[in-house]
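Worksheet: one structure, shown below.
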Amino acid sequence: MWSAAVDPRVLTARVVPTSGERSNDVLALSPVARRMWSSRTEHLLIDRGELLRVDLVDHATSGGPFQLHFDLPDDEWLEQRIAVIRSLRGRRHHGGHSQLARRLLSLNAVDGRDAGASLKDIADHVLGPGDWPGDGEHRKSMIRRMIVNGDRMLSVGPRAILAVG
């Protein structure tokens with residue numbers, strides 16, 4: 001499992017009970033793809049066209065209205081983490097077109113696989129030329145993730161491809 005220490009798409013939050021009118025549980029936690037628990041932490045894998053994770057510390061989301069208080073360290077990933085929160089809230093500061101572009105590239109990767117191309121050939125076509133498989137096999141892993149995301153979008157239908165959030 002990834003950690004907020006190594007991935008800006010992983011957010012740590014504390015759940016604070018609140019009255020219904022002040023609740024921000026509308027953070028679109030409904031598309032939870034997977035829920036896991038470890039000692040005193042609930043890990044939510046959320047599918048918003050890209051996979052994000054929220055680690056809820058010392059609480060489970062099952063009881064009543066709540067607010068999330070995110071832990072946001074002032075580091076080189078601060079802006080990326082804020083963008084993740086905006087994505088969870090369904091708001092876009094910028095980058096909506098880049099998300100659609102990533103989705104289209106994922107569909108191109110699926111087309112390449114369906115045509116019988118190797119992962120290396122798909123990576124060269126979708127990502128441009130580069131070292132194969134890349135440091136730590138990052139290009140290979142990225143193409144595999146793109147194919148999985150493309151397959152997921154195709155199985156859900158056009159709404160998943162064109163969704164704003």
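The values are calculated or read from the model by the stated rules, or taken from the named source; none is laboratory data. Bear in mind the structure is a predicted one, so any value in this text is a computation, not a measurement. When we count neighbours, we look across all protein chains shown, and the Cβ atoms used for this are built from the backbone with ideal geometry, even at glycine.
Worth pointing out:
- Flag if ARG9 is modelled with pLDDT of 80 or more, of a type in the set (Lys, Arg) and under 24 Å from VAL148 (Cβ atoms): yes
- Inspection of the range 126-135 identifies no residue that is out of contact with any helix residue (DSSP H, G or I) (no Cβ under 9 Å at 6 or more places or on another chain), aliphatic (A, V, I, L, M) and modelled with pLDDT under 85.
- For the range 58-89, a residue qualifies if it is at pLDDT below 85, within 13 Å of the chain's Cα centre (by Cα) and of a type in the set (Gly, Ala, Ser), and exactly one does: SER87.
- Residue match in the range 139-152 (condition: in a helix (DSSP H, G or I), β-branched (Val, Ile, Thr) and either over 21 Å from VAL32 (Cα atoms) or in the same structural domain as ILE85 (by TED's automatic domain parsing) (or both)): yes
- In the range 137-165, the residues that are without any contact (Cβ under 8 Å) to a residue 24 or more places away in the chain form Cβ pairs under 9 Å with partners that are loosely packed, with under 14 Cβ neighbours inside 10 Å and not charged (D, E, K, R), at six or more places apart or across chains, as follows: ARG139/GLY130.
- Residue match in the range 30-48 (condition: of a type in the set (Asp, Glu) and modelled with pLDDT of 85 or more): no
- ARG103 satisfies every condition listed in (1) farther than 14 Å from ASP47 by Cβ; (2) of a type in the set (D, E, K, R); (3) assigned to a helix (DSSP H, G or I) except (1).
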